[in-house]
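The values are calculated or read from the model by the stated rules, or taken from the named source; none is laboratory data. Everything numeric here is computed off the predicted structure, so don't read it as measured data. Cβ placement follows ideal geometry from the backbone for every residue including glycine, while neighbour counts extend to all protein chains displayed. Keep in mind that these areas ignore ligands, DNA and RNA; they rest on the heavy atoms of the full protein, side chains included. Shrake-Rupley method; radii C 1.70, N 1.55, O 1.52, S 1.80 Å.
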Number of protein chains: 2
Amino acid sequence: MLRTHTCGELRSAQIGLEVTLCGWVDSYRDHGGGLFVDLRDRYGKTQVVFSPESGAAVQEASRGLRCEDVIKVRGTINARPEGTVNPKLITGEIELRCVELEILNKCKTPPFLPTQQDLPGEDLRLKHRYLDLRRPVMQETLLLRSRIIKMMRDYFEEHQFIDVETPILGRSTPEGARDYLVPSRVHHGQFYALPQSPQLYKQILMMAGYDRYVQVARCFRDEDLRADRQPEFTQLDVEMAFVDKDDVIGIIDGLVQKTAKELKGIDVQLPLPQMTFDEAMERYGHDAPDLRFGMELIDATDLAAESDFRVFKSVAEAGNRVRGINAKGAADKYSRRLIDELTEFVSNDFGAKGLAWFKVEADGKLASPIAKNFSEELLAKFKERYDAEPGDFILIVADKFSVTCKALYALRKRLGAELKLYDPSEMHFSWIVEFPMFDHDEEEDRWVAMHHPFTAPRAQDLEHLESDPGKCRAIAYDLVINGSEAGGGTIRIHDNKIQQKVFGLLGMSEEDAKERFGFLLDALQYGAPPHGGIALGIDRWVMLFGGLDNIRDCIAFPKTQRAADLMTDAPGEVDRKQLEELAIKVLRQDELKK
Amino acid sequence: MLRTHTCGELRSAQIGLEVTLCGWVDSYRDHGGGLFVDLRDRYGKTQVVFSPESGAAVQEASRGLRCEDVIKVRGTINARPEGTVNPKLITGEIELRCVELEILNKCKTPPFLPTQQDLPGEDLRLKHRYLDLRRPVMQETLLLRSRIIKMMRDYFEEHQFIDVETPILGRSTPEGARDYLVPSRVHHGQFYALPQSPQLYKQILMMAGYDRYVQVARCFRDEDLRADRQPEFTQLDVEMAFVDKDDVIGIIDGLVQKTAKELKGIDVQLPLPQMTFDEAMERYGHDAPDLRFGMELIDATDLAAESDFRVFKSVAEAGNRVRGINAKGAADKYSRRLIDELTEFVSNDFGAKGLAWFKVEADGKLASPIAKNFSEELLAKFKERYDAEPGDFILIVADKFSVTCKALYALRKRLGAELKLYDPSEMHFSWIVEFPMFDHDEEEDRWVAMHHPFTAPRAQDLEHLESDPGKCRAIAYDLVINGSEAGGGTIRIHDNKIQQKVFGLLGMSEEDAKERFGFLLDALQYGAPPHGGIALGIDRWVMLFGGLDNIRDCIAFPKTQRAADLMTDAPGEVDRKQLEELAIKVLRQDELKK
């Protein structure tokens, strides 16, 4: 035993006790007569005093201490002298008077201190992750992560779910994202793929009668990395047999309620609200709307058609949409310059051809460069439609439906934050349901699965499956927290014929489907129960419950946007012998297909 | 909601209740007037009765039911008629009288039935794993696995361990087993490696101040597969800071006690017994001895030296060893033919040049083909040394120490089982400690790490580190259950200089060490606490606590010995486009280096 206590547990009750502590030198202050060290470990900090009573040798040694040195100290717990009690520290009433000091590991001058005020650059933090992970906020986040996952596991165990591990070395069935591949040494020329999710394994488990499955599963996607994506990520993976949508939603509702209560003290009313995909697109322009504030999208296509404004008119006549939002009371917060910025924002980033706007003046008049194209009567209708009051700022986009969605969703999000329309510590949970089964890929002119090819259509939509796939709605449900997709699931197809039909709609030939998903098509004929499930993004949950805005801060050893681990220098070159055994060769630049 | 209850929860208390059940047709019996179906799910079986009361249509439909069909039945719970109560079934007092039947999924004639008595061939089981996993013993095993892992997680959480996920996409640092490699698309010509264990990440976490870490971690080794190895396996991975060997052992002792009690009702006395590596090799010839029975190895080199038996004499004179075991009372169980078999066993499989034996006759005489080479006096000494009594059977191997270990360990194991020297349901837990730091690889004439290169030598052995590496003992400890290594750990080096020295001894140049482990060598200079840990083999634990003898039966979706998944057909070929993006090419047979 190197220590008798941790640095977070000594109190007045231990005064007089001889103890041994170990930890890092968090800070030190030389007060002439003695040296005061705050000794730190994961559990807290304890003040250690080196004074003449420590003995000459110990005092002398203590003078060499620097921040982040790892030391072991023996001594007696004393009450701090009057006036020096530190109420901010849980151990602030006591101090350890050191009589024996051992330096367990001397710290070289580090590239940055975990205790420093200003955050070092992210690359430096990632390279020296052992220092970065000592920062209190990182420790709190990883503790929170551990706690969230434990809470989830406890919850699912209480509900009789079985935790089953599914393989990491699987079969490549590219669909959606790119697979990470692993060459096989035993089977030359063949590859394993890392799972994008355990989707088919969990469905197989339902067919094998496991009834309720849960796993905290590592998933892999070789995507072009966006700010909030990692090559590997963790999801809470759930599947249930003999259920419909509301059974799955009910289980997750309970988890949300428990987590919100235990982690944030928030009382969540159940059931969580549900909104259809179509309604979400109509009211918020997005399938993961932030419902902590209003400022909904309001359609004015009919009014625009009546105006003399050429742009509005032609958009309306083409069957496209004129929609807008009303930023209540924000008129004087957006100058011409800022409005130009917003215009650029929606046109550069979201493809809108322009941004129309109205400001409501004190007398109720609508001021706008385009106001002259509207009759008084029409302006009145506009005001009514947008519930316009003096001081309001109305922003309008006229375009294809999808462009109005993207642009107005982005505007609403930006203005919501800029105008502080919500309390960032508040949390809002809801479900978006009834997603389309398919998206139409315009470029390749083919249908793609909106969730994945194993999603069941609603019974009443089965008839449209072939005649009008775009009309078909899936039994799908996404959990949305504060405008982020925090999970998504579906009821799965458990009928071989429907599964084959969907594969066909997605452009797979019968052979192709058999080659890739033959085992699933087989299993569906050997006693497959109705089943469905969901996956929750754990990195995202940690981010949301931790109030963080960088996904890399929620992961102990994340990768950069270029998919590199700066600490271990992965990926890296490997010995030629390793590649020879795998029978693969790296192509030189000039051998690459252009 | 598809069902109101599961098939395992209805009892007499529910008589009269209308319920809906879903499940698989486990069996059916047509009794003329009606059809009796045992409906099965994970929770149990319930008898469903189709009779004229069910209505003509339902009864008609029920006649088509076959095993493994998935059905939904509605009806009323009735008491079973007198004399038909089934006390073996938890629901055996009641039956469901069906009035509505829905066939949710019809089962084609399956390649085998999960309920059949004789076990199908393993390849067939693996190909149709969804059927195989329905077998009751497989369900029990995976439930046990889930329970063991949950129990471990609960235990470590109670002891303030933090569950931290470490990366699967890491850096290749080949040492020991082969790495599985993953080509990077972003960094052409570079590769990630799947972790053989999270060893360095967990050490980094200790240096980052996390103090107590736990993870149920997936590990990967591209080895030539032995019967009990899988390309991917799961370990309970633990690391602790500011600890010595007994702290780590103490934590695991507690886990063993709790697991044995909760799963098997066994009271384990703590602390678990510890034995040094040297003692284990001397007494059992192996570092993971089965301590459920005696029959220890007994040395007789000194006596052999006095004999006239040329083989014994020369072995003793060469400084090698003559050792044996006494199979008490087994003399008449081993005929000449069986002894010949044992002789072949130790020579073919374990390199022994022969097997000498003595049988103790009723009058106390030692009968043996070689007895003539021993004086009466010497025979008496032999008898005393081996505690030989009439009916005993003594087997002796004379060879190099390592050969006597292997051969006698194997003999002891085989005879222990054949002679039923232990109760297979009994469990024995112990620690083997003080392993050598290094093994000498005779072929390559170099030192290799017995555990791994991060293992700390005992303080008192530091002086031998360079002068006599073979003498150096590590602070290492293996948990042994019933003669299987169920876990292994060490205290790690936390001193940069010692770490460099060990790398050097293992034949790594300074540059090489820096290239591969630079981040570790750095971290060791920025405040690294003393630390150590352990990893427990979860697949092995499930096997031992489940009383199973095939590791593939402990895993939901295992791979074959050729590392293939027969259900999904992994590994498989991939599209040329995928390889082009990765800038790699598969070599043809004729391009492979011979």
request  = Report yes if some residue within region A:542-559 is under 21 Å from A:H452 (Cβ atoms) and within 12 Å of chain B (Cβ to nearest Cβ); otherwise report no.
outcome  = no
ask   = If only one of B:I77, B:I71, B:I94, B:I15 is open to solvent by 30 Å² or more (accessible area, probe 1.4 Å) and over 30 Å from B:R562 (Cβ atoms), which one is it?
value = B:I15
query = Scanning for something within 25 Å of A:I491 (Cβ to Cβ), aliphatic (A, V, I, L, M) and without any contact (Cβ under 8 Å) to a residue 24 or more places away in the chain, does region B:17-36 turn up at least one residue?
reply = no
request  = Can you tell me which residue within region A:573-594, out of those that are closer than 13 Å to B:E581 by Cα and at the interface with another protein chain (Cβ under 7 Å from one of its Cβ atoms), is most open to solvent (accessible area, probe 1.4 Å)?
outcome  = A:K593
ask   = Which number in (1) surrounded by fewer than 24 Cβ atoms within 10 Å (Cβ to Cβ); (2) out of contact with any helix residue (DSSP H, G or I) (no Cβ under 8 Å at 6 or more places or on another chain); (3) more than 7 Å from chain B (Cβ to nearest Cβ); (4) more than 20 Å from A:F557 (Cβ to Cβ) marks the one condition that A:E140 misses?
value = (4)
task = Please tell me if A:A367 is surrounded by fewer than 18 Cβ atoms within 10 Å (Cβ to Cβ), under 22 Å from the mean Cα position of the chain (by Cα), free of Cβ contacts under 8 Å to residues at least 40 places away in the same chain and not assigned by TED's automatic domain parsing to the domain that holds A:I251.
result = no
task = May I ask you to list the residues in region B:57-68 that are open to solvent by less than 40 Å² (accessible area, probe 1.4 Å) and without any contact (Cβ under 8 Å) to a residue 40 or more places away in the chain?
result = B:Q59, B:S62, B:G64
message = Looking at (1) assigned to a helix (DSSP H, G or I); (2) farther than 16 Å from B:L419 by Cβ; (3) without any contact (Cβ under 8 Å) to a residue 60 or more places away in the chain, which one does B:L338 not meet, given that it meets all the others?
response = (2)
query = Is it fair to say A:D539 is closer than 22 Å to A:R153 by Cβ and more than 7 Å from chain B (Cβ to nearest Cβ)?
reply = yes
ask   = In this structure, is A:D565 open to solvent by less than 30 Å² (accessible area, probe 1.4 Å), acidic (D, E) and modelled with pLDDT of 95 or more?
value = yes
Positions within region B:551-572 being of a type outside the set (D, E, K, R) and free of Cβ contacts under 8 Å to residues at least 60 places away in the same chain, in sequence order = B:A564, B:T568, B:A570, B:P571, B:G572
key: Residue within region A:205-214 that is farther than 14 Å from A:L236 by Cα, of a type outside the set (D, E), in a helix (DSSP H, G or I) and within 8 Å of another protein chain (Cβ to nearest Cβ) present   = yes
ask   = Just to be sure, is A:R414 surrounded by fewer than 16 Cβ atoms within 10 Å (Cβ to Cβ), over 22 Å from A:G294 (Cβ atoms) and touching a residue at least 40 places away in the same chain (Cβ under 8 Å)?
value = no
ask   = From the set of residues in region A:118-129 that are free of Cβ contacts under 8 Å to residues at least 60 places away in the same chain and either aliphatic (A, V, I, L, M) or at the interface with chain B (Cβ under 9 Å from one of its Cβ atoms) (or both), which is least open to solvent (accessible area, probe 1.4 Å)?
value = A:L124
note = Checked region A:34-53 for anything hydroxyl-bearing (S, T, Y) and open to solvent by 10 Å² or more (accessible area, probe 1.4 Å); matches are A:Y43, A:S51
request  = For region B:222-242, indicate whether the set of residues that are part of a helix (DSSP H, G or I) and at the interface with chain A (Cβ under 8 Å from one of its Cβ atoms) is non-empty.
outcome  = no
remark   = When (1) of a type in the set (S, T, N, Q); (2) over 32 Å from the mean Cα position of the chain (by Cα); (3) assigned to a strand (DSSP E or B) are applied to B:N326, the one that fails is (2)
query = Can you name the residue in region A:449-473 that is part of a strand (DSSP E or B) and either among the hydroxyl-bearing types (S, T, Y) or closer than 25 Å to A:T234 by Cα (or both) and is also modelled with the lowest pLDDT among such residues?
reply = A:A449
task = Identify the single condition in (1) of a type outside the set (A, V, I, L, M, F, W, C); (2) open to solvent by less than 10 Å² (accessible area, probe 1.4 Å); (3) within 30 Å of B:P530 (Cβ to Cβ) that B:D244 does not satisfy, given that it satisfies every other one.
result = (2)
task = State which residue is farthest from the other protein chains (Cβ to nearest Cβ) when the search covers only region B:493-529 and only residues that are open to solvent by less than 10 Å² (accessible area, probe 1.4 Å) and touching a His at 6+ places or on another chain (Cβ under 9 Å).
result = B:L524
inquiry  = For region A:147-178, give me the residue count where each residue is open to solvent by less than 50 Å² (accessible area, probe 1.4 Å), more than 8 Å from chain B (Cβ to nearest Cβ) and in contact with a strand residue (DSSP E or B) (Cβ under 6 Å, 6 or more places away or on another chain).
reply    = 3
